Structures are given as structure tokens and as C-alpha cells.
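Q: Starting off with a structure, shown below.
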Amino acid sequence: MSLVLDGRSTMFAESLDSGAPIALWSPHAGRNLDSRSPRGTDASGSSRGPKSTSGSTRERPLKHSETTSEVTESMATKAPATTSGRTKRPEDDVVCVDLFCGAGGLTHGLISAGVKVRAGVDFEEACRHPYEANHEGIAFHQADVAELEASTVAEWFGDAEVRVLAGCAPCQPFSTYALRYQKDEKVEDDQRWSLLNHFGRLVRELLPDIVTMENVPAVTRHSVFNNFKRTLENLGYKVWIDVVDCAEYGLPQRRNRTVLLASLHGDIKLREPVASEARTVEDVIKEMPVLRHGGTDKSDRLHAASRLSDLNYERIQHSKPGGSWRDWPKHLVAKCHTKSTGKKYPAVYGRMKYDEPAPTLTTQFYGFGSGRFGHPTQARGLSLREGALLQGFPKDYSFIPEDQPIQFKALGRMIGNAVPVDLGRVIGQSIIEHVRQHSDSFADRHVQHVDRDPSSAHQGGRNGREPKSSAVHT
Ligand SMILES: C[S@@+](CC[C@H](N)C(=O)[O-])C[C@H]1O[C@@H](n2cnc3c(N)ncnc32)[C@H](O)[C@@H]1O
């Protein structure tokens with residue numbers, strides 16, 4: 001049994017000792033969580049600081065508690081000790097279930113901030129390997145969120161002091177493309193769209209302390225998102241929403257994303273960026289071994305670049321960092337480029353610049369023709385590993401079992417769709433800070449009657465609040 005879980009069980013026992021009327025779900029109900037130590041890996045890959053010349057390195061998976069204490073030490077004040085000598089602070093037991101967990105970008109960032117991620121859910125079985133291989137002791141559940149029962153999620157939370165439900169639903173139905181070319185009702189018809197409603201359903205039934213989600217900036221223009229927000233407000237959550245540029249938070253990539261944070265315990269928001277956090281393409285990929293197009297590095301098979309056609313090989317040799325097809329001699333320019341439609345996409349077939357953050361990575365970042373994804377100095381597109389580093393993953397993050405072949409399309413989707421690790425870390429830090437600032441409100445729960453039974457949660461809110469009617473239609 002891990003020390004972390006041991007500590008939590010002790011806290012639970014102490015709460016009972018104090019005679020507080022608690023009606024929590026049984027910590028031993030359902031799966032035997034105690035047999036799994038929630039250990040994670042350090043996101044030292046996100047080791048920032050100006051001009052670190054390589055991506056991140058992580059020699060071995062660190063115990064979750066190690067990472068947690070490092071972060072907690074830097075952020076928190078000294079904790080009051082309990083009579084047993086153990087610390088007893090709500091921020092020490094912030095537990096998250098990550099819906100739509102993918103390869104684990106958000107989870108990895110949250111862990112590095114001190115959040116204990118207990119479980120990840122995704123319906124793609126291919127996500128199991130990266131999720132579990134990089135986060136020892138955290139369970140991956142292959143499931144459709146639309147069919148997920150609140151009672152199951154409740155079991156995963158166990159007796160957590162502070163419960164965080166994260167749900168970064170697929171963003172494609174909310175993209176600018178969808179907005180431009182589909183009517184809102186059409187977007188609403190998209191099955192993936194209703195996943196946000198299911199996230200709302202789970203929030204309504206579970207009433208987690210904190211809710212978070214990330215999506216494309218355009219998500220706020222869809223009624224499904226506004227319904228989701230209204231649901232949270234009606235349930236008594238304080239909701240914070242903003243579009244953030246991840247490059248301000250240490251991601252070596254320009255990536256604007258809508259972030260939502262909501263809490264039942266008071267105002268919550270994303271922490272402010274710090275100027276010294278900024279990183280560039282050079283900071284994370286310059287030290288990567290030189291590679292030819294179509295080649296794979298001997299020591300890291302994820303450092304693999306897609307093969308270029310003869311034409312594209314010639315084109316990239318004429319491309320300038322930050323430039324486009326406009327830099328090429330005429331005979332290399334395709335007809336579609338010179339048409340007015342082509343002119344709208346000058347970044348296509350460009351190289352990225354070393355001294356700036358990368359452009360927003362898509363799921364096809366490994367393709368030279370898919371955006372400004374050419375390597376700054378070598379005649380090739382980005383390797384899969386370089387894409388992962390630009391998404392904030394550590395250098396040795398494992399995405400695929402050793403005995404499986406590298407597939408650019410599947411891995412590109414997993415990496416390109418991830419919540420950047422740096423953003424996950426900042427979300428985690430903001431949550432921990434919020435819990436610390438509102439520790440009285442979190443601690444109060446132990447002297448109030450709290451009914452966390454999902455079957456009755458919609459009838460009575462936590463902290464004595466009565467949730468109003470829900471605006472989410474499921
Ligand atoms: C934006 S990605 C999530 C990225 C992930 N949070 C990360 O940080 O790496 C959305 C994920 O939702 C998953 N997904 C889509 N529909 C789903 C469903 N109905 N149930 C569960 N997962 C689903 C996709 O497989 C994909 O991995």
C-alpha cells in the first residue's frame with residue numbers, strides 16, 4: 001500500500017474519530033483502489049527556464065508523492081500537523097478523474113502540479129499504453145463517456161478530500177471550420193457534440209468540488225457550451241472561462257485554447273503567466289539527433305520523420321524559417337498555391353523558426369505540407385518525438401508498445417490532440433492554489449452533512465447548497 005493512500009485512509013479515519021457526520025461513499029466500495037498506488041511521473045520534460053537547450057529528460061518514473069511534495073513545497077505554506085504527525089490539508093488530497101484522457105497530456109501536467117489523478121477514461125484502446133506506461137498505478141478505463149455511470153466515477157474518486165472532474169471532450173465539432181461551414185444545429189447533431197452534455201450530466205450527478213475543461217477557442221460560440229456553463233452556475237459553481245495562449249505558460253508552441261475552471265468553494269481562475277516561463281522551438285528540439293526525411297533515430301524510434309516526395313524534398317530546401325511557398329522558384333509552386341484560395345494559406349509548406357514558439361500543432365504536424373511544420377534547419381518535417389516535445393511531453397514519454405509498429409497517422413492524432421502538458425500543469429497549480437486559499441471551505445465539509453451519493457446528489461447540493469434546475473439536456 002502506498003504512503004499516499006495510507007495517509008488518505010488515515011485522514012478519513014481521523015474525520016470519523018472527530019465525530020463528524022460523514023456520508024461519503026465507502027472508500028472500499030467497488031474496485032480495491034488501495035492496491036493501486038497513485039504514482040505518476042514527473043513532467044520534468046517541462047523543465048523550463050529560459051534557454052534550456054534540450055527537451056526534457058526523465059531518467060525514471062518518479063513517485064507521485066515526490067513530485068507532489070516538490071510542487072507543494074514551492075507553492076504552499078507550512079501545513080498544520082495532525083496529532084498523528086501527518087499533515088492534514090485539503091490541497092494534499094486533490095484527486096482527479098480525467099474524462100477523455102487520450103494519451104495523458106492533461107493528466108501528466110496535473111500530476112506534476114501535485115494533483116493525484118486516479119483514473120483516465122477514453123474510448124480509444126490505443127490510449128491505454130501511453131496512459132498507463134507513463135503513469136504507474138493510474139488506471140485507464142476504456143469506455144464511452146456517454147455511457148459512463150456517475151456511480152462508477154464515484155468509486156474511482158474513493159474517499160478523496162477534494163474531487164476534480166476533468167473533461168476535455170473532442171474539439172473537432174467546435175472547430176472554426178465547423179463554425180464556418182456548419183449551422184449550429186448541424187454541429188449539435190454531431191454525436192461528439194453531445195459528449196459535453198454527458199460531461200454536464202456527470203457533474204450534475206457527482207457534484208465534484210472542481211470542474212475543468214479545455215477546448216478550441218470557438219467552443220464558446222456554441223450553445224452546447226453555454227448550456228454547460230449555465231448548468232454549472234445553476235448547480236452553484238463559480239465559473240471562470242478564458243482563452244489562453246499556452247505559449248505564455250511555457251509551451252514552446254502558440255496554441256490558443258478555451259479553459260474553463262469551476263468550483264463550488266469560491267472564485268477560481270487560471271494563475272497568471274510568468275515571463276521567464278516562455279520557451280522556443282530551439283529550447284526543446286535543437287539537441288535532437290539529426291535525421292533524414294523518412295528516417296528513424298536508432299535510440300528513439302519515435303524520432304521518425306515522414307518521407308518526402310522528390311518534389312517536396314526540393315521544395316523544403318528552398319523554404320526559409322518562417323517563410324512559405326512564396327520563397328520557392330516558380331517551377332516548384334503548385335497551381336493551387338497561386339489561386340486566391342491558396343494565398344489564404346501562406347504557412348502551408350513552411351519551416352518553423354527556432355527562436356519563436358512553434359505554430360499550433362495539428363494532428364498532421366509530421367507532414368511538411370500540412371502547415372508550417374518543416375524543421376527549422378533540416379530538410380524534413382517534424383518527427384513524432386519533436387511534435388510531442390512541442391506539446392510539452394517529456395523526451396521519454398512512451399506512446400506505443402515496443403512491439404508495435406510506428407504509425408504516423410494514429411500517433412500524430414494522439415499527440416496533436418493532447419492537452420499540452422504545460423497547460424495541464426498550470427491548470428493543476430491553479431487548482432491546488434485555489435484549494436489552499438479556500439481550505440476553510442473544503443475543511444467545512446467535514447462538519448456538515450454531505451451526501452455524496454450520486455443517486456441523490458441532484459436533489460441536494462454540497463455545502464448546504466440546493467442546486468437549481470439544470471440547463472444541460474441529456
Ligand atoms: C482532445 S482529446 C483529449 C486529449 C487528452 N485529454 C490529453 O490531454 O491528451 C479527446 C479524446 O476524447 C476521446 N473520445 C472521443 N469520444 C469519446 C467518447 N465518447 N468516450 C470517451 N472518449 C472519447 C478521443 O479518443 C480523444 O482521445
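Computed from the coordinates by the stated procedures, all read-outs in this text should not be read as laboratory data. Keep in mind it's a predicted model, so treat the numbers as computed, not measured. Neighbour counts run over all protein chains shown; Cβ positions are idealised from the backbone, glycine included.
Q: With a 10 Å Cβ neighbour count serving as the proxy for reagent exposure, in which order, fewest first, do Ile138, Ile241, Ile268 appear?
A: Ordered by Cβ neighbours within 10 Å, fewest first: Ile241, Ile268, Ile138.
Q: Run the simple label-point estimate for Glu132 and Lys320 please: 7 Å along Cα→C-beta, distance reported in nm.
A: 5.1
Q: While we're on this one: Whose amide H sits under 5 Å from the amide H of Leu382, counting only residues 5 or more places off or on another chain, with H placed in the peptide plane?
A: His375
Q: Taking 0.36 nm per residue of separation and subtracting the Cα-Cα distance, what length does fully extending Thr362 through Glu402 add?
A: My answer for the length gained is 11.9 nm.
Q: Check Arg351: other-chain or 5+ apart residues with amide H under 5 Å from its amide H, H built from backbone geometry?
A: Under 5 Å from the amide H of Arg351 lie the amide H atoms of Lys320, Gly322, Gly323, Gly374, each far enough along the sequence or on another chain.
Q: Still on this structure, please answer the following. Pop out the ³J(HN,Hα) list for the range 296-302 in order, Karplus 6.51 cos²θ - 1.76 cosθ + 1.60 with θ = phi - 60°, rounded to Hz; leave Gly and Pro as x.
A: 10, 5, 5, 8, 8, 6, 7
Q: Per-residue HN-Hα couplings for the range 258-272, Karplus 6.51 cos²θ - 1.76 cosθ + 1.60 at θ = phi - 60°, whole Hz, x for Gly and Pro?
A: With the stated coefficients, the range 258-272 comes to 6, 10, 10, 10, 9, 9, 7, 10, x, 4, 9, 7, 6, 5, 6 Hz.
Q: Give me the Debye-computed log₁₀ of I(q)/I(0) at q = 0.13, 0.28, 0.30 Å⁻¹ for the range 389-443, equal point scatterers on Cα only, no solvent, two decimals.
A: Evaluating at q = 0.13, 0.28, 0.30 Å⁻¹ gives log10 I(q)/I(0) of -0.51, -1.11, -1.17.
Q: Next up: Using only the alpha-carbon atoms, what does the range 85-154 span along each of its principal axes? Please give whole angstrom values in decreasing order.
A: Extents along the principal axes: 42, 27, 16 Å.
Q: Starting from the alpha-carbon convex hull of the range 221-304, give the projected area averaged over all orientations, in nm².
A: With every direction weighted equally, the projected area is 9.0 nm².
Q: Here's a follow-up. Just want the ordering: Val203, Val421, Val435, from fewest to most Cβ atoms lying within 10 Å of their own Cβ.
A: Neighbour counts put them in this order, fewest first: Val203, Val435, Val421.
Q: Another question about this same structure. Short version: ³J(HN,Hα) in whole Hz for each residue of the range 348-362, in order, from phi by Karplus 6.51 cos²θ - 1.76 cosθ + 1.60 (θ = phi - 60°), x for Gly and Pro, what are they?
A: So the Karplus estimates, Gly and Pro as x, are 4, 6, x, 9, 7, 9, 5, 8, 9, x, 5, x, 4, 6, 9 Hz.
Q: Label-point separation (nm) for Thr377 and Tyr313, each offset 7 Å from Cα along Cα-to-Cβ?
A: Modelled inter-label distance: 2.2 nm.
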